[in-house]
Each structure stands twice: as structure tokens, then as C-alpha cells.
Amino acid sequence: MEIRSVNLTSLIRPDSHLDSKKSEAVAPLSFEKVLGQALGEVNDLQQQAATANTKLLSGQLEYVHQATSLAEKASLALELTLQIRNKALEAFQEIMRTQI
């Protein structure tokens, strides 16, 4: 199993680590798009957990750990999203308190 380090620029430009010799300039993603994609992924995890819980309750899901795992992933993703939001709000409030 190969373990690669996290490349932060790949979060901004997802294809930048694949082909560094591209002659075409890749436009960076806007903050709005990155945030929208991240929130979309969190929403997808929440929906998957809800679907797994429904299947578990109706007897369609064979293993309980599948629903538990999806629910925990969704919970952690939501917690992380809330913490990022809180940090952004704190930073904004600190900037607003700064005297010019």
C-alpha cells in the first residue's frame, strides 16, 4: 500500500499534481466553488447516512456496522464543517475589531 503525503495545492487545483508539464494555464478554483464542493460532499454524506438508517430499519441492510460507519462519517464531516465555520467567524470578528 502506497502512502502519499497531502499536497495542499491539490485542494486548490485538483489536477495540478497529475501533469505538472501542461502548457495550458489552469485557472484556480474560486473560494465559492471550493466551499460549495465541500458542503456538497458533507450533504452527500448526510444523505447516505440517512439512506443507510432507513435501509437498516426496514431490514434491507445486512450489517449494522455499515449504517454506523456512514453515520459516524457524516457526523465527523458536519463537526469539521462547523469548526471551520466557527474559525472563519472568529477571524472575521477579529478583523472587524481591528482599529485603523
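No other residue among Q99, Q83 is open to solvent by 90 Å² or more (accessible area, probe 1.4 Å) and more than 20 Å from the chain's Cα centre (by Cα) apart from Q99. E41 falls short of the stated requirement of being at pLDDT below 90 and either open to solvent by less than 80 Å² (accessible area, probe 1.4 Å) or of a type outside the set (A, V, I, L, M, F, W, C) (or both).
Exactly one residue out of A77, A27 is loosely packed, with under 10 Cβ neighbours inside 10 Å, out of contact with any Gly (no Cβ under 6 Å at 6 or more places or on another chain) and either touching a residue at least 12 places away in the same chain (Cβ under 8 Å) or not in a helix (DSSP H, G or I) (or both): that is A27.
The values are calculated or read from the model by the stated rules, or taken from the named source; none is laboratory data. Please read these numbers as outputs of a predicted model, since none were measured by experiment. Virtual Cβ from ideal backbone geometry, glycine too; neighbours counted across all protein chains shown. Ligands, DNA and RNA are excluded from the accessible area calculation, which covers all protein heavy atoms including side chains. Shrake-Rupley method; radii C 1.70, N 1.55, O 1.52, S 1.80 Å.
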